[in-house]
Amino acid sequence: MFRLVLVLSCCLPCVVLAQDVVIGAGFDPDGGGGMVLEYHKGGEFSGEAKNWPWAAAIRADADSDLWVGAGVHRQFNLSSRLFIEASFMPGYYNPEDTDLGGNIHFRTLAGLGLRLGGDSALSVSVDHLSNGGLTSSNPGSELVSVRYIYTY
């Protein structure tokens with residue numbers, strides 16, 4: 001119950017301000033499933049920090065491990081319907097079952113997406129959690145997911 005309240009209190013204010021809301025479900029290649037909830041605030045990379053597109057994300061897995069972070073996200077158009085996406089977000093990792101070596105973890109993501117028309121898109125992504133060598137133990141964790149993106 002505490003986690004649900006934490007997720008809602010962190011995400012609901014962000015959803016009101018978001019340009020993209022993303023929800024995804026996937027699997028860890030080492031076993032287990034996971035869910036992702038994100039929002040992306042738009043902008044163009046212009047060199048000025050205030051114009052950089054930024055994002056926040058929550059990732060939870062079947063083992064009740066939880067990661068929450070914020071950073072930059074960007075979509076690059078390949079055509080009018082196809083795009084690739086990438087993000088980098090430092091964040092806090094709370095292990096329940098899987099020790100990844102510490103609580104500070106960085107998430108990188110790469111994905112391929114298809115705009116469905118209107119305000120919707122689907123993407124397939126791979127993300128990786130790593131503590132970047134901050135501790136001697138750094139096994140990392142991946143999540144392959146299908147994501148629904150709603151833009152407004």
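None of the figures in this text is laboratory data; all of them are computed from the coordinates on show. What you see is a predicted model, and the numbers here were worked out from it, not measured in a lab. FYI the Cβ positions are ideal-geometry reconstructions off the backbone, even for glycines, and counts take in every protein chain you see.
Remark: pairs (first residue in the stretch 76-90, free of Cβ contacts under 8 Å to residues at least 12 places away in the same chain; second residue surrounded by 11 or more Cβ atoms within 10 Å (Cβ to Cβ); Cβ separation under 9 Å; 6+ apart in sequence or on different chains) = Phe76/Phe83; Phe76/Ile84; Phe76/Glu85; Phe76/Ala86; Asn77/Phe83; Asn77/Ile84; Leu78/Ile84; Leu78/Leu112. Put simply, of Ser137, Ser80 the only residue that is outside any strand (DSSP E or B), more than 21 Å from Gly42 (Cα to Cα) and of a type outside the set (Asp, Glu) is Ser137.
Condition check ((1) touching an Asp or Glu at 6+ places or on another chain (Cβ under 8 Å); (2) at positive phi; (3) surrounded by 14 or more Cβ atoms within 10 Å (Cβ to Cβ); (4) assigned to a loop (DSSP other than H, G, I, E, B)) across all residues:
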{"residue": "Ala60", "(1), (2), (3), (4)": "no, no, yes, no"}
{"residue": "Gly101", "(1), (2), (3), (4)": "no, yes, yes, yes"}
{"residue": "Phe106", "(1), (2), (3), (4)": "no, no, yes, no"}
{"residue": "Leu109", "(1), (2), (3), (4)": "yes, no, yes, no"}
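Matching residues to (1) within 20 Å of Phe27 (Cα to Cα); (2) within 16 Å of the chain's Cα centre (by Cα):
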| position | (1), (2) |
| --- | --- |
| Asn77 | no, no |
| Leu82 | no, no |
| Glu85 | yes, yes |
| Pro95 | yes, no |
| Leu112 | yes, yes |
| Gly117 | no, no |
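If the condition is being surrounded by 14 or more Cβ atoms within 10 Å (Cβ to Cβ) and in a strand (DSSP E or B), then the stretch 115-134 contributes Arg115, Ala121, Leu122, Ser123, Val124, Ser125, Val126, Asp127, His128, Leu129, Ser130.
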